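Data block below; observations after.
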Amino acid sequence: MLRTFHKGGIHPPESKLSAHKPIQVLPVPGTVAILLSQHMGAPAKVIVNKGDEVKTGQIIARGEGFLSGNIHSSVSGKVSRIEEVQDVSGYRRQAVFIDVAGDEWEDGINLDTNLDKEIRYDGPEILKRITEAGIVGMGGATFPTHVKLTVPRGKKAECLVINGVECEPYLTSDHALMLEKGEEIMVGIQLLKKALQVNKAYIGIENNKPDAIEKMRDLASALDGIEVFALQVKYPQGGEKQLIKAITGREVPSGGLPVDVGVVAFNVGTVFAVYEAVQKNKPLIDRIVTVTGKAVKNPSNFIARIGTSISDLIEAAGGMPENAGKVISGGPMMGKALSGTNIPVVKGTSGILILAEEESTRLKTQPCIRCAKCVTVCPMGLEPYLLMTLSERSLFDRLETEHVMDCIECGSCSYTCPASRPLLDFIRLGKSNVGKIIRTRKK
Amino acid sequence: MSRLLTVSPSPHIASDQSVEKLMQGVVISLIPAFLVTLYVFGLGALIITTISVITCVLAELTIQKYMMKTEVRIHDGSAIVTGLLLAFNLPSNLPWWMVVLGAVFAIGIGKMTYGGLGNNPFNPALVGRVFLLISFPVQMTSWPLPVESRMQYLDAATGATPLGILKEAVRNGESLPDVMNQIPDHMQLFLGQMGGSLGEISALALVLGFFWLLYKRILTWHIPVFTVATVFVFTGILWLANPDKNATPLFHILTGGLMLGAIYMATDLVTSPMTKTGMIIYAAGIGIITVVIRVFGAYPEGVSFAILIMNAFVPLINKYIKPKRFGEEVKHG
Ligand code: SF4
Ligand code: SF4
């Protein structure tokens, strides 16, 4: 029996069009726009000025404050301006614009691609290098990695869970990474184990990627304390809590963190970034982005510099299809729809999905027929139909006691509803209101 | 970019489920039972079903268009399902105008007064049926003989149902094993060779429909299985205690409206609970009340009443029986 999580979950069509496409290096663009907020917390403090010459890998903004992270230049050239640009959420945020000239790297960054297996640093040094490199969760949550590695007092990390699930339909960047950079990921896992002082690491991969499972198993068999689990295909298994449950059977408590049950979890993309940061001294300045969609000419996996415009990526995959109706940053279940394509790639951009016009419109909302399907599929054991009603009526106290804050916004409820009810839209609204109420109460 | 892109919140894809498809699935699942009833009750079955479905749809259309002045939603198919299920709960020789009354009542009072699909607390078809049962008790409890009178409608020869024979016998103090000789054996009951309402006669056909509903994921197994199991266990205990006065549990689950009720009436999405535990409590309640009415009550049959009574408890069940949340308690695996 393959492992999986047991509460709720759905099986959307996988549509992994770009699976088994090799990772192509996207040419360095003419200009980049590097956003100062590419992580959960406050924007990083910019330390370059207009007109400055920068090198690839040079730090241009410092993460100050709790959930912040350093930002580096992904190209070499001249800072042309520092101004606002639209980000994937549609907000305008500060970004450093750089006109590219050549590709000259900062000193000390090792550019060769040889596998470096030697673990030569101790835990604190590994953590320091990760902090310096500005690594955040690459699965999309963009939680700063160094914060995750700093286990709160009184808690103890017992094992590492590595997320190679990629349960979002269409996306294949983690799959491609495991196939091509499996060796590096293994080194990265050893580094993280050392930094956290744990002996066990478990890699979870869904069973629709047998080649990745085989490859990772092969590599893990030569190492101590790394185990690969093939998981039954089910969305949202890539959700941190669901994955931890699937692999270890442990349930992160409501409102709690994985470390409450002794687990720290990382995405395989993050692990690869850790490898590069620690072994090659390379900060996080590029990432793998899947560009995909049924109407896209060449669905592909690219390695792109941070700050590259999304339109460049789409061009590289064969251009914007005639019948494009929606462009999404991320996957179809949790990604964000974009109003344009002149938006820069950030550390959390896992994919660009283009849906055709006919796939883009939502069906008309019908009355709830109380079929309970939304309740059945909710992986958090909530009652989406009820949360939506409460949110529509602004009954925020009830929403809180019905645990709206537990919702992980996976979208399984809206996906499933036969009456096409926009459950998650209203639940989000409710969450943001309840969140505000909770924050004012704390003050 | 010349073209405007659609911007909407996630998720950006949806399953291919729809209310229409759910209702279509239910209609398809009723085909075996309908074929059996056509074979057994013939003309009458055809007339009743046609009138019931047409009246339900027209009633919903009229009310939505002229009285509520809202969007007409008959295309969702729910009125067709109500019409079919109402017909399946009627005897095949019921005068046509009673069918019309029942259908109008089912849709008008049972469904639309509450605001239409999704808002009604009681199963509309059962509301219609019980209305007819109370208004026309004689016509609603005379049942054409199976097969032999299938070419007649109103003037079909009638006889009692197995449950009716049973009740009569108990009342007259006859010994059950003797009475059982007048009743079709279990195999005939299973196939549908008995008197009764249109759709309730063949357990086999209903179970086939149930499998289809499960396969199409329109239903889960909880309500039907627990309803039938509760009846089986409860009547089993009574039978073991006194086999002279009580029928076998198998007899009870194969006769009357139990299968139809458990599979199609109790499982109405709108009027049944939202959680699995809630469904089990609800189903057990239906089973117990059914047996109490059948064995101790005045009516030979009690499934409809049992379901309506439990429908009334559904809001309460939904309020107190919550799904188990993820991370409600810390689990260390
Ligand atoms: S899935 Fe949709 S129709 Fe069914 S109960 Fe939930 S909200 Fe209502
Ligand atoms: S979006 Fe929230 S409420 Fe809906 S299924 Fe996911 S966790 Fe449950």
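Helical runs (DSSP H, four residues minimum) scored at -39500 (n - 2.57) apiece and divided by the length of the protein assembly as shown put the mean residue ellipticity at 222 nm at -12500 deg cm²/dmol.
Here each label is just a point 7 Å from Cα along the line to Cβ, and for A:LEU111 and A:THR401 those points are 6.4 nm apart. Among the trypsin sites (Lys or Arg not before Pro) in segment A:303-405, those placed in a DSSP loop whose Cβ has at most 15 other Cβ atoms within 10 Å are A:ARG362, A:LYS364, A:ARG393.
The share of alpha-carbon pairs in segment A:28-100 lying farther apart than 17 Å comes to 38%. Taking 41 Å as R0, compute the FRET efficiency from the Cβ-Cβ separation of B:GLU328 and B:GLU20 and round it to 0.05. So the FRET efficiency works out to roughly 0.65.
A quarter of the convex hull surface defined by the alpha-carbon atoms of segment A:115-242 gives 8.0 nm² as the mean projection.
Contact order, relative form, for chain B: 18 percent (alpha carbon pairs under 8 Å, 6 or more residues apart, mean separation divided by residue count). Please work out the Cα center distance from segment B:268-318 to segment B:1-78, rounded to the nearest Å. Segment B:268-318 and segment B:1-78 have Cα centres spaced 25 Å from each other.
For segment A:385-443, the Kirkwood hydrodynamic radius comes to 11.5 Å, computed from all pairs of different C-alpha atoms. Quick one: Debye curve from the C-alpha atoms of segment B:19-139, no solvent, what's log10 I(q)/I(0) at q = 0.12, 0.16, 0.17 Å⁻¹? Those come out to -0.40, -0.71, -0.80, one per q. In chain A the longest region clear of chymotrypsin sites (Phe, Trp or Tyr not before Pro) that are loop-assigned by DSSP and have at most 12 other C-beta atoms within 10 Å covers A:92-443. Volume per residue of the convex hull around the Cα atoms, evaluated for segment B:1-72, comes out as 164 Å³. Express in % the proportion of alpha carbon pairs of chain A at distances exceeding 38 Å. Of all Cα-Cα pairs in chain A, 20 percent lie more than 38 Å apart. D by Stokes-Einstein for segment B:178-249, Kirkwood Rh over Cα pairs, 4 °C, 1.567 mPa s: 92 µm²/s. Annotation note: GluC sites (Glu not before Pro) in segment A:216-324 located in DSSP loop regions with a Cβ neighbour count of at most 12 within 10 Å are A:GLU322. Ordered by the number of other Cβ atoms lying within 10 Å of each residue's own Cβ, fewest first, A:CYS413, A:CYS368, A:CYS378 fall into the sequence A:CYS368, A:CYS378, A:CYS413.
With respect to chain B, whose longest principal axis is taken over its alpha-carbon atoms, helix B:203-215 is tilted by about 10°. Applying 0.36 nm per residue to the separation of A:LYS50 and A:GLU357 and subtracting their alpha-carbon distance, the gain on full extension is 106.4 nm. A full extension of the chain between A:GLN232 and A:THR365 corresponds to an added length of 44.7 nm, given 0.36 nm per residue minus the alpha carbon distance. In a simple Cβ point-charge model (Lys, Arg +1; Asp, Glu -1; nothing else charged), chain B has a dipole of about 1100 debye relative to its Cα centre. Within segment A:206-350, the ratio Rg/Rh, alpha carbon atoms throughout and Rh by Kirkwood, equals 1.00.
With q set to 0.08, 0.09 Å⁻¹, the log10 of I(q)/I(0) for chain B, from the Debye formula over equal scatterers at the Cα positions, is -0.39, -0.49. DSSP finds beta bridges in chain A, and of those with both partners inside it, around 60 percent are antiparallel. For chain B, take the longest principal axis of its alpha carbons; what is the angle in degrees between that and the long axis of helix B:124-135, to the nearest 10 within 0 to 90? Tilt relative to chain B: about 40 degrees.
Its relative contact order, with pairs defined as Cα atoms under 8 Å and 6+ residues apart, puts chain A at 19 percent.
Note on segment A:7-55: dipole from Cβ charges, positive end direction compared against A:GLY9, A:HIS39, A:VAL25; the farthest Cα belongs to A:GLY9.
Going from the residue with the fewest nearby Cβ atoms within 10 Å to the one with the most, A:THR376, A:THR308 rank A:THR376, A:THR308. Could you tell me the calculated FRET efficiency between B:ILE31 and A:SER432, based on Cβ-Cβ distance and R0 = 35 angstrom, to the nearest 0.05? Plugging the Cβ-Cβ distance into 1/(1 + (r/R0)^6) gives 0.15. Here the gap between B:MET151 and B:LEU250, fully extended at 0.36 nm per residue and compared with their Cα-Cα distance, gives a gain of 32.5 nm.
By the Cβ-Cβ criterion of under 4.7 Å, the unpaired cysteines of chain A are A:CYS159, A:CYS167, A:CYS368, A:CYS371, A:CYS378, A:CYS407, A:CYS410, A:CYS417. From the alpha carbon centroid of segment A:341-368 to that of segment A:174-212 is 29 Å. By other beta-carbon atoms within 10 Å, ranking A:LYS117, B:LYS216, A:LYS16, A:LYS443 with the fewest at the front produces A:LYS443, A:LYS117, B:LYS216, A:LYS16. Extending 7 Å from the Cα toward the beta-carbon at both A:GLU83 and A:LYS443 defines two label points whose distance is 3.4 nm. Simple spin-label estimate for B:GLU174 and A:LYS156 gives 7.7 nm between the two label positions (7 Å along the Cα-to-Cβ direction from each Cα). Put simply, the C-alpha atoms of the protein assembly as shown give a gyration tensor, and the ellipsoid matching it has half-axes of 63, 27, 22 Å, longest first.
Average projection, convex hull of the Cα set of segment B:161-320: 9.0 square nanometres. Multiplying each eigenvalue of the alpha-carbon gyration tensor of segment A:301-390 by 5 and taking the square root yields semi-axes of 33, 17, 10 Å, largest first, rounded to whole angstroms. For segment B:121-186, the Kirkwood hydrodynamic radius comes to 14.1 Å, computed from all pairs of different C-alpha atoms.
Kirkwood radius, segment A:1-153, all distinct C-alpha pairs, inverse of mean reciprocal distance: 18.3 Å.
Every read-out reported here was derived from the displayed coordinates using simple, explicitly stated rules and does not represent laboratory data. Everything numeric here is computed off the predicted structure, so don't read it as measured data. Ideal geometry is used to build each Cβ from the backbone, glycine not excepted, and the neighbour counts take in all protein chains shown.
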